[in-house]
Amino acid sequence: MDARVFVYVAHEDGKADDSALELVTAARSMFPGSSPVALVAGSGIDAVCQETAASYGEVWKFDQAALAYPNAELLRPLLVKVLPTGAMLLLPHNTFGLDLGPGLSVKRGVTYVPDVVGVDGLEGTTLKIVRQEFAGQVSAHVHCAVAKGAVITVRSGAFRPAEGGPAAGQIVDRSADATGLSARRTFVELIQAEAGDIDITREDVLVSVGRGIGEKENIALVEDLAEAMGATVSCSRPIVDAKWLDRPRQVGTSGKTVKPKVYLALGISGSFQHLGGIKGNPFLLAINKNPKAPIFQAATVGVVADLMELLPVLTEKIRKSR
Amino acid sequence: MEILVCVKRVPDAAENEISVGAEGADIRRDDLVYSVNEWDNYAVEEAVQIVEREGGNVTIVSMGDGDAEEVVRREMAMGATQGLLLTDAAFDGSDGLGIATILAAAARKRQYDLILTGALADDGAGQVGGMLAALLDWPYASVVNKIETKDGKSLRIGREIEGGTQEISDIETPCVLSIQTGINEPRYVGIRGIRKVASIEIPVLDAGALGIDAATVGATAANVRRIDYFVPQLGASAEMIEGSTEEVAGKLVDLLKAKGGIR
Ligand SMILES: Cc1cc2nc3c(=O)[nH]c(=O)nc-3n(C[C@H](O)[C@H](O)[C@H](O)COP(=O)(O)OP(=O)(O)OC[C@H]3O[C@@H](n4cnc5c(N)ncnc54)[C@H](O)[C@@H]3O)c2cc1C
């Protein structure tokens, strides 16, 4: 099928998001031979458009003061208006894609294809993709009927960024299409996450604890281990949700991005939102009682064990070895 | 405020080792522990807190077979006055849009000011809330981690976006919000709480009662179909360390020392 393929380019502070280049690769592997068109919306976005034109053959620019903040409720009617019938639109599967995508597919009357991690090919009008379910414990082959078009969200890191060649893409100013937009949700402000006393982003050795620790009282076992190692305690989201540790210790897409040399994942399953916060390829030691936990695919070294048994022994041995 | 909360019964991913059954047709379900989807539990707590503050009613709705009733009742015990079960063989195999279509039909049966869903469930799609809003033509916000009632016509909400930044907006009611974990601390529900709601009748609505054309939902209408489950063969996975607890701990000490993990 020769559907037109579009990519929504998210940007912040005058720079395109990392997803912009990954989505080029995703678009090409889903729709071979297509040359995706980039959609850039915002206010004062010439620099982003120029940056994007280096990797896309065509860039549609929607420059309006009302679009200064990417409010999905405003962008949805704009996209419904400007996307041609049958078009495929790729978005990042992040909090913006979650906000915009599902409703957009309904309003366009097209298929919604969420959180793609792999592509098996296009057969006629059937797009064959790979997704993950059950927090990444199993994968699924999924067939999507995309004859009428689709809204597709793509997981960060699933596709390699396209080489940003000098495509010298053409920038088409479509700002006139983005007038008179209104939404029943209005953006007020952004509140940055509180800083806190500790800064896990600067630590070389992190001992990170997840829901597998079971109870609040057991956090002490992890603190003991970290102390014996001379390391800092960090954690996954459920530990912060339960208020067992403070928010500044959370690693992940909605927490901190860390770059340690050594990272211990204790009772952490390895969701992509957690792994998304670990950069710089650390020596990653995972301890988990479930041999199939996805964390073992990301770890350097793994141990299948019950934390309650292993942690006290490990802490004791480290203390003695000093 | 009249609040509808959509909940799903799911295998508890933290409790279970999920494995793939024969020929990948399904996961092995025999020994699974089921519970309410984690995100939905926060949505119910939030709805109950709003109603405790402002008055009104919370209704819990779930699409699913008879087994989902237990989950509806458990969530009702948190402080909801009503429950609804949407059950029909014609619903089997629905994709996200099918499920949203069924929930939208249930939502149209009454006047609600607010509909809450979880931000995500076991399939990781995070799609039903946004689709439901679009079908009802209501405004929508996802990954919500704060709801303040302003006046009768709008809410001040926070969305938790990347890096934990909170995006504050005002949204008109009626609206659909998908709730992120951590927005509150869901209350504990004991046997006594569940007993209190045990006698409340939970109406079961099928496609006919909901006024849904069965051809618009279920497997035949689905544009997105799961063909099978599989466990991916990944090239580079972890080097596994085995042995007695003593042995493993000993090896880990050596490794951590070598990698600079003990300072
Ligand atoms: C928009 C969005 C943003 C998110 N942002 C983040 C984020 O920034 N950071 C984050 O971490 N998550 C984030 N999440 C949540 C994420 O999807 C997962 O729910 C979360 O990471 C799971 O945390 P966990 O691994 O600790 O818990 P679980 O997934 O419940 O895993 C617990 C693990 O412990 C193991 N275990 C249990 N008992 C034991 C024992 N006795 N000994 C050894 N192992 C044991 C289990 O086998 C399991 O693998 C986000 C989700 C959304 C929707």
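The values are calculated or read from the model by the stated rules, or taken from the named source; none is laboratory data. If you're wondering where the values come from, they're calculated on a predicted model, not measured in any experiment. Heads up, the Cβs are rebuilt from the backbone with ideal geometry, glycines too, and the neighbour counts pull from every protein chain shown.
Only strands (runs of 3 or more DSSP E) whose full extent lies in segment A:1-111 are considered here, and the ones with at least 2 residues that are in contact (Cβ under 8 Å) with a residue 12 or more places away in the chain and over 23 Å from A:G121 (Cβ atoms) are A:37-42, A:58-63. Across segment B:244-257, which residue is nearest to the chain's Cα centre (by Cα) among those that are more than 14 Å from A:R322 (Cα to Cα) and more than 7 Å from chain A (Cβ to nearest Cβ)? The qualifying residue nearest to the chain's Cα centre (by Cα) is B:S244.
Given the structure, is A:P92 surrounded by fewer than 24 Cβ atoms within 10 Å (Cβ to Cβ) and either touching a strand residue (DSSP E or B) at 6+ places or on another chain (Cβ under 8 Å) or farther than 20 Å from A:T25 by Cα (or both)? So A:P92 fails the test. For B:V48, the test of being among the β-branched types (V, I, T), without any contact (Cβ under 8 Å) to a residue 24 or more places away in the chain and over 19 Å from B:G126 (Cα atoms) is failed. In segment B:28-61, of all residues being of a type in the set (V, I, T) and out of contact with any Gly (no Cβ under 6 Å at 6 or more places or on another chain), the one that is modelled with the lowest pLDDT corresponds to B:V33. Summed over segment B:29-62, residues that are away from the ligand (no atom under 16 Å from the Cβ) and not in a helix (DSSP H, G or I) total 10. In segment B:101-128, the residues that are on the phi < 0 side of the Ramachandran plot reach residues that are away from the ligand (no atom under 16 Å from the Cβ) and polar (S, T, N, Q) with C-beta atoms within less than 7 angstrom, at least six apart or across chains, in these pairs: B:T101/B:T216; B:I102/B:S94; B:D113/B:T173; B:L114/B:T173.
Give the residues of segment B:79-104 that are among the charged types (D, E, K, R) and either surrounded by 24 or more Cβ atoms within 10 Å (Cβ to Cβ) or closer than 11 Å to B:A221 by Cβ (or both), sorted by residue number. If you could, list the steps in order and put the result at the bottom.
Within segment B:79-104, the first condition is being among the charged types (D, E, K, R), and the residues that meet it are B:88, B:92, B:95.
Of everything in segment B:79-104, just one residue is among the charged types (D, E, K, R) and either surrounded by 24 or more Cβ atoms within 10 Å (Cβ to Cβ) or closer than 11 Å to B:A221 by Cβ (or both), namely B:D95.
I want to confirm something. Restricting to segment B:127-176 and keeping residues that are at the interface with another protein chain (Cβ under 7 Å from one of its Cβ atoms) and of a type in the set (V, I, T), which single residue is nearest to B:G96 (Cα to Cα)? Top of the filtered list is B:V143.
Checking the conditions here, which among A:A135, A:A147 is under 15 Å from B:G126 (Cβ atoms), of a type in the set (G, A, S) and either buried (at least 17 other Cβ atoms within 10 Å of the Cβ) or assigned by TED's automatic domain parsing to the domain that holds A:S29 (or both)?
A:A135
Restricting A:G196, A:G212 to residues that are modelled with pLDDT of 95 or more, within 16 Å of the ligand (Cβ to nearest atom) and either in contact with an Asp or Glu (Cβ under 8 Å, 6 or more places away or on another chain) or in a helix (DSSP H, G or I) (or both) narrows the list to A:G212. Residues of segment A:255-310 that are crowded, with 24+ Cβ neighbours inside 10 Å and among the polar types (S, T, N, Q): A:S269, A:N288. Looking only at segment B:164-183, decide whether some residue is within 16 Å of the ligand (Cβ to nearest atom), over 20 Å from the mean Cα position of the chain (by Cα) and crowded, with 23+ Cβ neighbours inside 10 Å. Yes - at least one qualifying residue is present in segment B:164-183.
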